[in-house]
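Asks: For reference, the structure I am asking about is given below.
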Amino acid sequence: MSWELVFFAVFSAAMLLCGLGVVAFENPVHSAVALVGSFINVAALFVMLGAEFLGVLQIIVYTGAVLVLVLFTIMLIDPTKLPEFYVGAPLQRFASVVVGAILLAEIGVAIITRTALEQIGPHTEAMVQQMGGNVQAIGQVMLSEYALAFEIASLVLTVGVVGAVVIGLPNRMVEPNTVTMSLGHTRGSSDMLAAGPKFESPMNIPAERYTAPVGERTVVMTKDPDAYTHPGETSK
Amino acid sequence: MTDGENQTTQQTLVPTGTGWERELYFDDDLSKHPVVRELRAVFPDDFLDAVRFRNETTIYVNPAKFREIAFYMRDHEKLQVNFLSDLTAVDMLNLRTAPRFDVTAQIYSIPNRIRLRMKASIDDGMSIPSLVPVFNGANWMERECFDMFGIFFEGHPNLRRILLQDDWDEGHPLRKDYPTRGWKDYPVYNKERTIRRTKTRWTGRGV
Amino acid sequence: MEPVKTPFNVMDSTQTEYSGTLMVEDEHELASGERVMTLNMGPQHPSTHGVMRVLLKLDGETVIECDPMIGYLHRGTEKLSETKRYAQIVPWTDRLDYTAAPQNNLGYVLAVEKLLGLNAPERAQYWRVIMVELSRIASHLVWLGTHALDIGALSMSLYTFREREMIMDIFETFCGARLTTNMMEIGGFSRQLPDGLIPQIRNFLRVFPSKLKEYTDLLSANPIWLARTKGVGVITPEAAISYSLTGACLRGSGINYDVRKADPYLVYDQLDFEVPLGQFGDVFDRYLVRVEELRQAHKIVTQALNYIENDDRPMMAYESAYVMPPHMGTMTTAEDMQRHFVWVIKGFSAPVGEVYHAIEHGKGEFGIHIVSDGGSMPYRLRLRTPDYVNLGVLPHMAQGAMLADMVALIGTIDIVLGSVDR
Amino acid sequence: MGDQPIWITFIVTFAIMTVLLLSMAYTTWYERKVLARFQDRLGPTRTGKAGLMQPLADAVKLMGKEDLVPDAADRNVFLFAPLITFTTALLSAAVIPWGGTVQIFGTDVNLYPTDINVGALFILATGSIGVYGIILGGWSSGNRYSLLGAIRSAAQVISYELILGFSLVGIFIITGTMSLTDIMFKQHEMLSFGPFEISNWFVLTQPLGFVLFVIAAVAETNRAPFDLPEAESELVAGFMTEYSAMRFALYFLGEYISMIIMSLFAATLFLGGTSGPGADKFWGLGIMWLVLKVMAFLFFYIWLRATLPRFRFDQLMGLAWKVLLPLAILNIVVTAFFRLIGNGQVF
Amino acid sequence: MDLTTNHFLFVSAALFVIGMMGVLTRRNILIIFMCVEMMVAAVGITLVAFSHETATINGQVFFLFALAVAAAESAVGLAIVVALSRQGRAPDVEEMQTLKN
């Protein structure tokens, strides 16, 4: 009974248990938490298989980003709108369990009767260690053989991001007068967008009066009470 | 020679300068006051009276024309009374019988630096045109007037109580007939010592 | 989706019917079916400077409509003062804007003196100017500290309150109280000046400019402060006039209206000082204007103190019948003691008439309107406090603002709930 | 590096953990004192000599308080959420090296709990799991506004984590590895410019990366100008408002631990962990240098908190995506270019 | 008995089946998203197991790309769900026949 087997048993048991939790939990947030648990165990399995980079990446990409997005969506959608807990009619649930079990049996048989593959690739344990570790090995292969696939993957990602933003953008009710900060200008953002309220101005004042003067702002000093008594004189 | 001189001064009342100098606003003879002169010319029957006291001018106007006169004075290119400093009411119950409330608007012209008080006397229950279309600042002032005196302002976008709770059912406190202690009899906590209604301590006169 | 019609637009005189709508009619479902989130910046909120509740209607992050609810600190000062002698009302005015008590006292006392046709002697007028300008510095320091604290700069409030302590000590030497000073009396000051006062003021005047430079170094060139204040809470000059704003809110938008210059009272016409005006009317401009006012107030106090330092003329207009007789006299001579007794119990009967006197308070134009029916009590006392009127512009300014900016917007109007609710 | 018996690693890890927990407690004291000095006041002086017993007093107070759970809350998630932030923050200390392999009492001991060759990414991974503490905490406390507060602070942490990762890529390009011990030892080598020589700290070769890293680290721990959740509790109720006593302490201490970890991380990556004059002679000196650098970073955190006002949420996000991300990418491109020149492949 | 690749294959098959069951039975589209990701992770384990056995690293690189594509896919999917929920339509698989908003 090597230590490895014990760790493997623990991780896979936890992973499968959490996986069942994802399907069985009534509250979607609980199932999301269960999924986090199962992904951490998946990452542990990856590390056991020597693929630390994938393990860490799995946590960062999946658990850290995608699942957080799912959690955001669950929370943003009003709970009243979520469809009530429904795991299919009793017959359907029983049928799916049976089908699942049969499928699992078939795959099990296929696994047992397969012939083990022999070592074809150059990346043996020692060679990977000599190259500096799993990350370097992946880097080496990815950017040499699969360079094209790498570019296509980046294209897919950009399309995904742009699509998500376009679909998800809410239509604003009142145009917010937000001023984006740019560290480039030491004096804070220099070119102000028209920062005044966007709606029809109270005294229908021409729009350009709203833009803030650019750059250093000074105060107009006056001693004479009759100067600058009309609107707009100081901002000339 | 002196006669001639007197005649000439009396008949031709044409003011020497342009008629809009600052001194004319502070002259005790109200006929020279530019605002009084203009309003008498444009609103002859709505301009009721003008009073000078401690170097301040008060004009009394017909309540129905309250908003028009304010518009006129604001948009007049020479008067330019464009600033409403304060709008409040005075309950004249003990001072006179006829109209009960005096709605007073302290108006000010920033370019000419002239302060003026415009009063309109209305009776209890009568309403007066609101100044919100003329000056936005009048919004909260009128809400407070309504809250404290119960005066209705026509055309006010959202006339409701501002200082007291919305469900204040005891009327309007700043009226003279509203007792300073309020209507409710607050329970006196040491019941056994009080035989009859005792004077409250802090006003001393059981008011 | 056409822009939300502002409820407060002002029409030219041709339009008779008022068409603005204030409340978003359908509370929760808007035309676009979007749920509007209403949020309460509750009465007990760290940055509402006292007890004020702001009801906000939000579309996600942007404020659609904001409705300040005040009245939690309403004590009915105007009603109570109808049953008080003229001299008994002075302590009430301390409680109005409790960060600037001397200025409230002065406003009331000048109005009463105008009603009585009485003038304080020149020495008392100079000392009044000194005390009021020191109180203006103190109330502006409170504003600067809390405004920066709301936006996030923690240590600003501790620096500004350190200087304010020095001014509070000066008030304590002068009139015995730090906050509710109750120092002004009708006709001048009835007591002599304490001897340690002038060195104390000199010390403050020597220290203050370097400390003021410390504040502006920390904030004026700080990119995050600029990002949080530039272009936020814009009030156009026309809107400022129309909303009857006064003080730094009006001058921040570039309109030159300072009561000390417009119709000078006390000895302001003999003092040389300047009025700062902003160019664009956003939070940053009002910040610059108020900081400049601090410098000007320092200049005024220095000039006044230099002029009046070793002057020993009487401080009270004893010749007038309306004024309390001198203290020493009441203890020794029978006639003064008898006059003092009548003055305190019956008070004096003011002339019949109506008076409005405005002073340049730290927050804006603080006007007192007294209607007198000849009795010893004011028939009607109207307190036109600048905060109450300036707060009326918050709904206009908050439309389209970000939620996190509400704190800055409330800070920039510089309100103290004592004088808003009266 | 070599393997060593399990109990030695256990002792080293135990020592590191106690040092971390103690320093976490005393960072609270350190912050209150330094913040006080900034604000011209004294800070805690009552408890112990110079307020040294203050962390103990805080702990006792917090334990004494009643730990209430709002009834609208989802009970077990509510109780579990603060643990996530606290444990993941502690977890990332496993990869930070406190020294090389040294001889103590004859046996060689390596002064780091573990050395995995994806060390830096491991810290990012624990950071991204820490986000769950915030989200679940906000969601489970029942009211809609603390949920919104939680979502906003989670969005902030995620977008700044991205920049954290990008700012490190520069170092990975130079050193070629991700394991922190290798990165640290690479910085021990000496660069010689004419007469004098300085140790090759990455802050010198990667200035832009360093600046980006510090900004992202400050944002990641919700500190100083990025402390929106703290301000959030004023406006939209922040996610911590429903918590009380020990649970709140867990969040509170989690923030301090992640602050220390980020300082350790920055010290190791950019300031050459234990490198410093005399560090190679005696390993204790090396650790002393590391502690000094961490103290410097903590002072920087507190200095930011004392002076800078707070960002608004949209400016914060705008800054991350429109300013810092392009800068990070620029940094990567430039470092890659110089690396190519270094290898002579370009010219 | 030491650890062979078969163990990993069996475990990943089990996970895959659980994910498939989840996708088939549950109506809430967000749970379906999660189950899909579980299935991708299961495939990941098999890929890495084989790459470990055949000492080639292509399996791991392949899973890296699968990771990227799955992330992009879920981003777009969630955006659709958010857009629909903004219209007041629940994220319910049966009800979501047409995408016309």
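The values are calculated or read from the model by the stated rules, or taken from the named source; none is laboratory data. Given the structure is predicted, the values throughout are model-derived calculations rather than measurements. Heads up, the Cβs are rebuilt from the backbone with ideal geometry, glycines too, and the neighbour counts pull from every protein chain shown. Keep in mind that these areas ignore ligands, DNA and RNA; they rest on the heavy atoms of the full protein, side chains included. Shrake-Rupley method; radii C 1.70, N 1.55, O 1.52, S 1.80 Å.
Asks: Determine ³J(HN,Hα), in whole Hz, for all residues of the stretch B:90-103 in sequence, where each value follows from phi through the Karplus function 6.51 cos²θ - 1.76 cosθ + 1.60 and θ = phi - 60°; x replaces Gly and Pro.
Replies: Ordered by residue, 3J(HN,Hα) equals 10, 8, 8, 4, 7, 9, 7, 9, 4, x, 7, 9, 10, 7 Hz.
Asks: Another one. Accessible area of chain C with a 1.4 Å probe: how many percent of it is carbon plus sulfur?
Replies: On the way: 7280 of 12670 Å².
Roughly 57 percent, rounded to a whole number.
Asks: So, one more: Residue-wise, which Karplus ³J(HN,Hα) couplings in Hz belong to the stretch C:398-403, taking 6.51 cos²θ - 1.76 cosθ + 1.60, θ = phi - 60°, and x for glycine or proline?
Replies: 7, 5, x, 7, 7, 4
Asks: So if the hydrodynamic radius of the stretch C:202-358 is defined as the Kirkwood radius over C-alpha pairs, what does Stokes-Einstein give as its diffusion coefficient at 20 °C and 1.002 mPa s, in µm² per second? All intermediate terms of the calculation are to be shown ahead of the outcome.
Replies: On the way: Rh = 19.9 Å.
D, rounded to a whole number, is 108 µm²/s.
Asks: Also: Roughly how large is the E-A contact in terms of buried accessible area, totalled over both chains, probe 1.4 Å, nearest 100 Å²?
Replies: Details: alone 7130 and 19260 Å², together 19600 Å².
That pair hides around 6800 Å² of surface in total.
Asks: Take the Cα of B:PHE26, step 7 Å along the line toward its Cβ, and report every residue of the stretch C:357-395 whose backbone nitrogen sits under 17 Å from that point.
Replies: Of the residues in the stretch C:357-395, C:357-359 have backbone N under 17 Å from the label point off B:PHE26.
Asks: Taking the full set of protein chains and a 1.4 angstrom probe, give the accessible area of B:GLU77 in square angstrom, rounded to the nearest 10.
Replies: Rounded to the nearest 10, the figure is 130 Å².
Asks: Whole-Hz ³J(HN,Hα) for each residue in the stretch B:145-159, computed from phi via Karplus 6.51 cos²θ - 1.76 cosθ + 1.60 with θ = phi - 60°, x for glycine and proline: what do you get?
Replies: 4, 4, 5, 8, 10, x, 8, 8, 10, 5, x, 7, x, 8, 6
Asks: Could you give the nm distance between label points at C:GLU122 and B:TRP168, where each point is 7 Å from its Cα heading toward the beta carbon?
Replies: Taking the simple label geometry, C:GLU122 and B:TRP168 are separated by 4.8 nm.
Asks: What longest range of chain C stays clear of loop-exposed GluC sites (Glu not before Pro) (DSSP non-H/G/I/E/B, at most 10 other C-beta within 10 angstrom)?
Replies: Details: sites that count: C:GLU17, C:GLU25, C:GLU27, C:GLU319.
No qualifying site falls inside C:28-318, the longest such stretch.
Asks: For the protein assembly as shown, with every protein chain kept in place, what is the accessible area per residue (1.4 Å probe, Å²)?
Replies: Numbers: 53400 Å² over 1313 residues.
Each residue of the protein assembly as shown exposes 41 Å² on average to a 1.4 Å probe.
Asks: Among D:THR181, D:THR88, D:THR13, which one moves the most in a GNM of chain D with springs linking Cα atoms closer than 10 Å?
Replies: Maximum fluctuation in the GNM of chain D, among the listed residues, is at D:THR13.
Asks: For labels at D:LEU204 and D:ALA245 in the simple 7 Å Cα→Cβ model, what's the distance in nm?
Replies: Placing both labels 7 Å along Cα→Cβ, they lie 5.5 nm apart.
Asks: Let me ask something else. Give, as ranges by residue number, the residues of the stretch D:7-42 whose backbone N falls under 12 Å from the point 7 Å along Cα→Cβ of C:GLU165.
Replies: So the set is D:40-42.
Asks: In peptide B:165-175, how many Cβ atoms from other protein chains are near each Cβ within 10 Å, on average?
Replies: For this peptide, the per-residue mean of nearby foreign Cβ atoms is 2.
Asks: Can you tell me, using C-alpha contacts under 8 Å and at least 6 residues apart, the relative contact order of the stretch E:5-96 as a whole percent? Working shown, then result.
Replies: Values: 69 pairs, mean separation 27.5, N = 92.
RCO, the stretch E:5-96: 30 percent.
Asks: Roughly what angle does helix D:54-64 make with the longest principal axis of chain D, taking Cα atoms, 0 to 90 degrees, to the nearest 10?
Replies: 40 degrees
Asks: Residues with amide H under 5 Å of B:PHE83's amide H, sequence separation 5 or more or different chain, H placed in the peptide plane at 1.01 Å from N; which?
Replies: B:TYR108, B:ILE110
Asks: Please give the helix E:29-53 orientation as an angle from the longest Cα principal axis of chain E, in degrees from 0 to 90, rounded to the nearest 10.
Replies: The angle comes out at about 20 degrees.
Asks: Would you work out if the stretch A:1-79 is rounded, prolate or oblate? Take a ≥ b ≥ c from the square roots of the eigenvalues of the alpha-carbon gyration tensor; rounded if a/c is under 1.5, else prolate when a/b is larger than b/c, oblate otherwise. It would help to have the intermediate numbers written out before the result.
Replies: Details: a/c = 5.43, a/b = 1.69, b/c = 3.21.
Oblate shape, in that a/c is at least 1.5 and b/c is the bigger or equal ratio.
Asks: At 222 nm, what value in deg cm²/dmol follows for the protein assembly as shown if DSSP H runs of at least 4 each add -39500 (n - 2.57) and the sum is divided by all its residues, to the nearest 500?
Replies: On the way: 46 runs with 654 residues, N = 1313.
-16000 deg cm²/dmol, from helical runs alone.
Asks: Please give me, ordered by residue number, the trypsin sites (Lys or Arg not before Pro) of the stretch C:324-394 that lie in loop per DSSP and have at most 15 other Cβ atoms within 10 Å. Don't jump to the answer; show the numbers that get you there.
Replies: On the way: sites: C:ARG339, C:LYS346, C:LYS363, C:ARG380, C:ARG382, C:ARG384; in loops: C:LYS346, C:LYS363.
Within the stretch C:324-394, the qualifying trypsin sites (Lys or Arg not before Pro) (loop, at most 15 other Cβ atoms within 10 Å) are C:LYS346.
Asks: So, one more: How much accessible area does D:TYR30 have with a 1.4 Å probe, in Å² rounded to the nearest 10?
Replies: Only protein atoms counted, so the area is about 50 Å².
Asks: How would C:MET156, D:MET53, D:MET240 rank on accessible area, largest to smallest, probe 1.4 Å?
Replies: Working: C:MET156 0, D:MET53 85, D:MET240 50 Å².
Sorted by accessible area, descending: D:MET53, D:MET240, C:MET156.
Asks: Given the whole protein assembly as supplied and a 1.4 Å probe, what does the accessible area of E:ASP2 come to in Å², nearest 10?
Replies: 100 Å²
Asks: What residues have an amide H closer than 5 Å to that of B:HIS156, excluding those fewer than 5 places away on the same chain, when H is modeled at 1.01 Å from N in the peptide plane?
Replies: Hits under the 5 Å cutoff: B:SER130.
Asks: Given R₀ = 35 Å, FRET efficiency for A:THR218-C:VAL207 by Cβ-Cβ distance, to 0.05? Each step should come with its number before you reach the end.
Replies: Values: r = 26 Å, r/R0 = 0.76.
For R0 = 35 Å, the calculated efficiency reads 0.85.
Asks: Out of the trypsin sites (Lys or Arg not before Pro) in the stretch D:18-77, which ones are loop residues according to DSSP with at most 15 other C-beta atoms within 10 Å?
Replies: Values: sites: D:ARG32, D:LYS33, D:ARG37, D:ARG41, D:ARG46, D:LYS49, D:LYS61, D:LYS65, D:ARG75; in loops: D:ARG41, D:ARG46, D:LYS49, D:LYS65.
Passing sites in the stretch D:18-77 are D:ARG41, D:ARG46, D:LYS49, D:LYS65.
Asks: Given R₀ = 51 Å, FRET efficiency for A:LEU155-D:GLN103 by Cβ-Cβ distance, to 0.05?
Replies: Details: r = 54 Å, r/R0 = 1.06.
Taking R0 as 51 Å, the efficiency between A:LEU155 and D:GLN103 is 0.40.
Asks: In nm, to one decimal, how far is the modelled label at C:PHE341 from the one at A:THR124, with both set 7 Å along Cα→Cβ?
Replies: Between C:PHE341 and A:THR124, the label points sit 12.2 nm apart.
Asks: Just the projected area, averaged over all directions, of the convex hull on the alpha carbon atoms of the protein assembly as shown: how many nm²? Before the final figure, lay out the partial values.
Replies: On the way: hull surface 273.6 nm².
Computed as one quarter of the Cα hull surface, the answer is 68.4 nm².
Asks: Under a 5 Å amide H to amide H cut-off, with H placed in plane at 1.01 Å, what residues pair with B:ILE114 once short-range neighbours are removed?
Replies: B:SER109
Asks: Mean Kyte-Doolittle of at least -0.5 plus a Cα span of 24 Å or more along the axis: flag which DSSP H helices in chain C meet both, please.
Replies: Values: long enough: C:122-151 (43 Å, 0.30); C:154-175 (32 Å, 0.27); C:197-219 (32 Å, 0.04); C:283-308 (37 Å, -0.05).
Sorted by number, the helices that extend far enough and score high enough are C:122-151, C:154-175, C:197-219, C:283-308.
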